[in-house]
Amino acid sequence: MPLDDRAIAISATFTAEAIQPGLAFWARELRLDHEIRFAGYNQLFQELLDPSGLFARNRRGFNVALVRFEDWLRAGAPAVLEEQARRLVEAVRSAAAAFSAPLILAICPATPEHEAEVEAPLRMLREGTAGLHAVEIMTAAELLSLYPVEEVHDRHGDELGHLPYSPPFFAALATAVARKIHAIATPPYKVIALDCDDTLWAGICGEDGPQHVVVDEPRRALQEFMAERRRTGMLLALCSKNNEGDVVETFLAHPEMPLRLEDFVSRRINWDAKSANLASLAEELELGLDSFILVDDNPKECTEAQMGAPEVLALPLPARAEEIPEFLKHVWAFDRAHTTEEDRQRPELYAQQAARIRAERTAASLEEFLASLELEIAIAPLEPGQVARVAQLTQRTNQMNVTCVRRTEAEIQALGGAACLTVHVEDRFGSYGLTGAMIFRPDGAALVVDTFLLSCRALGRGVEHRMVARLGEIARERGVARVEIPFVASQRNRPAGMFLESLVKADADGVFRLSAADAAAVKYRVGQASNSVFQAAEGKVPEDRPTKRIDYLRIATELRHPAAILEHIRAASQRSASRPPGSDLPRTPLERELAEIWAGLLHLPAVGVRDNFFEFGGHSLLAVQLLSRVRQIYGVDLSLEVVYSGEFTVADLAKAVELKEFERGGADYQDLLQELEGLSDEEVRALLAEEQDAG
């Protein structure tokens, strides 16, 4: 695999390499093995359009475009800004259609005097990229809402090297970009199991009484947060040690609460261990325990759940209730990259599925149950608005997935000569949504299947048989002799193999071959790869999560403020260096202060006054940041000539600062002499008398 096949590739309208330490830190935290690579300076349009550029070659990574609209004002009037924004929209649309990697488009803050001017380009960009599911837009307002920074801009750095932002902002930007990458790369959690007392409300309903518990502001914020998660497709469940009657009465007594009892797909309210209740919920919902998040105010309950069901992510709420809203905002496990229509319908779909399960249990036989469903199956060509859902199915479907080929939205859009069919299923309980897809292409005398998948909620009802029959019909319509379905075994898709084996024996190369006529004649018979076989496998299939879990609790508590993040970034990249002890220690207060600034930028525990800046990891971008810090603290402007004039050391820098301060002091002295020359002798004596009195 080429090195740049799995990269975090970055292109910007400004000098952006200062984001690298922060991204490297988060790559380690998130266990990403992607190399961080930068395009050439100010080459954003080229990267978005070049079919052989860094973005185009980055097939399995993440492309990041950092846009500062204000940079385009350097080239001319506001009309230029509007034209550049229009070009950007066209370039982004082109990249989304042509490139495999998702594109994160981060709109960086403008200086206060240009904020009004960038509103129109931002609006144009949003409107022009609407519907591009492979593009994630992050605005400056969204970024700073999550990660507020007191000093965002570095005007001196901008003037010296087009490095327009402060180190804390670059840390915030790196964090926001890493968070977007995490949301795209990580399978989303599906179920949030919520405690009740002191979690959904303040108080204990069994002791205080349902009428007397309080929905204070922090708990209201928690409920609103969870209601929003439900709207994005996550399932909510109750998991509480309580009397169920008290909990139900509490919901009825507080109709003003954002969450209602019917918002929960299921509940376990009893005195059993929460780990056991979570396992029971997982079995009922036919989901793996590793798709569950438990939110509880009691750390002991979280510990028990984590020990008894280690796959579950257990999150204890902060002890101080007022910290709950901010805590939830920084739990990355709640993030989702995209929300499809099927995601929004998921709570309703699971309610329908529960009704089907109840109907199946009461039916006299499987035949009677299937007949009562009144199943309707629609197989149709892929439509543009379905690309995101089909890509999602390729990434998430495990059991009935014959090849387990995972595809991005860009790859679905660029199928070339292949055809894609979607599968919709309905019954008397409601719609299953878009549950299946087939991708195939003609190859000589065969119709070769690339992708054949079906969501678990539609398995065992004859839908998969109808899909094969449709392929047979298409083969006959095209005059093709046979249908070829290759099977690539994984630890999760044994049900798909069992289904194919029920149709025909595989050839030695692992391909299942059916004549067009035989494929078209495939029908479902009860008992043949029955629903129970698939249900037995469901719930035991883990998500593709890292073997070692990301420490979401640490991120939400220790790594949510840019200043703290910056400290961790610097500590993580700190290096030790040997030097003659005591021979080059700072000798003056100015040298000590400059040495501290220097050490911070170089991520060193200390530096000596004779250490060469470039020998200890310095480079041009850090030099710009260094001179910018000197200007902020000492109010002196130093040019880059100071850096490159010879051996650049703390001692050299201290001399340059002192010289500038002396020159500034000399100028003040000349101004004072000129002022005295314009005064009379009496005015001079009066001024001297005032100075003596003040002394």
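The values are calculated or read from the model by the stated rules, or taken from the named source; none is laboratory data. Everything numeric in this text was worked out from a predicted model, so none of it was measured. A quick note on method: Cβ atoms are made from the backbone with ideal geometry, for glycine too, and the neighbour counts reach across all protein chains shown.
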Would you tally the residues in region 18-61 being aromatic (Phe, Trp, Tyr) and either surrounded by 21 or more Cβ atoms within 10 Å (Cβ to Cβ) or part of a helix (DSSP H, G or I) (or both)? 4
Report yes if some residue within region 75-91 is of a type outside the set (A, V, I, L, M) and either closer than 22 Å to residue 395 by Cβ or in contact (Cβ under 8 Å) with a residue 60 or more places away in the chain (or both); otherwise report no. no
Quick one: in region 340-364, of everything that is modelled with pLDDT of 75 or more and of a type in the set (Ser, Thr, Tyr), which residue is surrounded by the fewest Cβ atoms within 10 Å (Cβ to Cβ)? 362
Every residue in region 357-383 that is closer than 12 Å to residue 422 by Cα and free of Cβ contacts under 8 Å to residues at least 60 places away in the same chain, please. 378, 380, 381, 382, 383
What are the pairs, 6+ residues apart or on separate chains, where a residue within region 54-67 that is farther than 19 Å from residue 125 by Cβ has its Cβ under 6 Å from a residue that is assigned to a loop (DSSP other than H, G, I, E, B) and of a type in the set (D, E, K, R)? 60/6; 61/6
May I ask you to list the residues in region 29-47 that are within 21 Å of the chain's Cα centre (by Cα) and either modelled with pLDDT of 90 or more or aromatic (Phe, Trp, Tyr) (or both)? 29, 30, 36, 37, 38
Residues of region 48-71 being within 18 Å of the chain's Cα centre (by Cα) and within 28 Å of residue 113 (Cβ to Cβ), which ones? 64, 65, 66
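Please note which helices (runs of 4 or more DSSP H) are completely contained in region 586-657 and include at least 2 residues that are touching a residue at least 60 places away in the same chain (Cβ under 8 Å). Break it down stepwise before answering.
Values: elements: 589-602, 620-634, 641-644.
Once the helices (runs of 4 or more DSSP H) in region 586-657 are filtered for at least 2 residues that are touching a residue at least 60 places away in the same chain (Cβ under 8 Å), what remains is 589-602, 620-634.
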Of everything in region 264-303, what is among the charged types (D, E, K, R) and in contact with a helix residue (DSSP H, G or I) (Cβ under 6 Å, 6 or more places away or on another chain)? Give them in sequence order. 268, 274, 296, 301
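Residues checked against (1) under 39 Å from the mean Cα position of the chain (by Cα); (2) under 28 Å from residue 407 (Cα atoms):
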| position | (1), (2) |
| --- | --- |
| 345 | yes, yes |
| 351 | yes, no |
| 370 | no, no |
| 379 | yes, yes |
| 387 | yes, yes |
| 391 | yes, yes |
In region 102-132, residue surrounded by the most Cβ atoms within 10 Å (Cβ to Cβ) [restricted to those that are among the hydrophobic types (A, V, I, L, M, F, W, C) and assigned to a helix (DSSP H, G or I)]: 118
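Just a yes or no: is a residue in region 434-453 among the hydroxyl-bearing types (Ser, Thr, Tyr) and at pLDDT below 90? Walk me through it before giving the result.
So in region 434-453, the residues among the hydroxyl-bearing types (Ser, Thr, Tyr) come out as 435, 451.
So of that shortlist, the ones also at pLDDT below 90 come out as none.
No: zero hits.
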Hey, can you tell me all the residues within region 414-455 that are under 13 Å from residue 390 (Cβ atoms), among the hydrophobic types (A, V, I, L, M, F, W, C) and free of Cβ contacts under 8 Å to residues at least 60 places away in the same chain? 415, 418, 419, 420, 421, 423, 437, 438, 439, 452, 454
I'd like to know if region 262-275 contains one or more residues that are in contact (Cβ under 8 Å) with a residue 24 or more places away in the chain, hydrophobic (A, V, I, L, M, F, W, C) and in contact with a Phe, Trp or Tyr (Cβ under 9 Å, 6 or more places away or on another chain). yes
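To keep it simple, each residue is scored yes or no on (1) crowded, with 21+ Cβ neighbours inside 10 Å; (2) closer than 14 Å to residue 239 by Cβ.
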| site | (1), (2) |
| --- | --- |
| 266 | no, yes |
| 270 | no, yes |
| 280 | no, yes |
| 290 | no, no |
| 299 | no, no |
| 306 | no, yes |
| 309 | yes, yes |
| 320 | no, no |
| 331 | no, no |
Among the numbered criteria (1) farther than 15 Å from residue 105 by Cα; (2) of a type outside the set (D, E, K, R); (3) modelled with pLDDT of 90 or more, which one does residue 8 miss? (1)
Say whether the condition of being in a helix (DSSP H, G or I), at pLDDT below 95, crowded, with 18+ Cβ neighbours inside 10 Å and among the aromatic types (Phe, Trp, Tyr) is met by at least one residue in region 71-85. yes
Give 237, 221 a once-over and let me know the one that is assigned to a helix (DSSP H, G or I) and under 29 Å from the mean Cα position of the chain (by Cα). 221
Residues of region 175-200 being part of a loop (DSSP other than H, G, I, E, B), within 30 Å of residue 139 (Cα to Cα) and hydroxyl-bearing (Ser, Thr, Tyr), in sequence order, are 186, 189
Working carefully through the options 324, 379, find the one that is at pLDDT 75 or above and over 29 Å from residue 215 (Cα atoms). 379
Answer residue from region 558-573, given it is part of a helix (DSSP H, G or I) and out of contact with any helix residue (DSSP H, G or I) (no Cβ under 7 Å at 6 or more places or on another chain) and is farthest from residue 329 (Cα to Cα) among those: 571
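Yes/no matrix, rows are residues, columns are (1) under 30 Å from residue 354 (Cβ atoms); (2) outside the structural domain of residue 450 (by TED's automatic domain parsing); (3) touching a strand residue (DSSP E or B) at 6+ places or on another chain (Cβ under 9 Å); (4) modelled with pLDDT of 90 or more:
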| site | (1), (2), (3), (4) |
| --- | --- |
| 396 | yes, no, no, no |
| 413 | no, no, no, no |
| 418 | no, no, yes, no |
| 424 | yes, no, yes, yes |
| 427 | yes, no, yes, no |
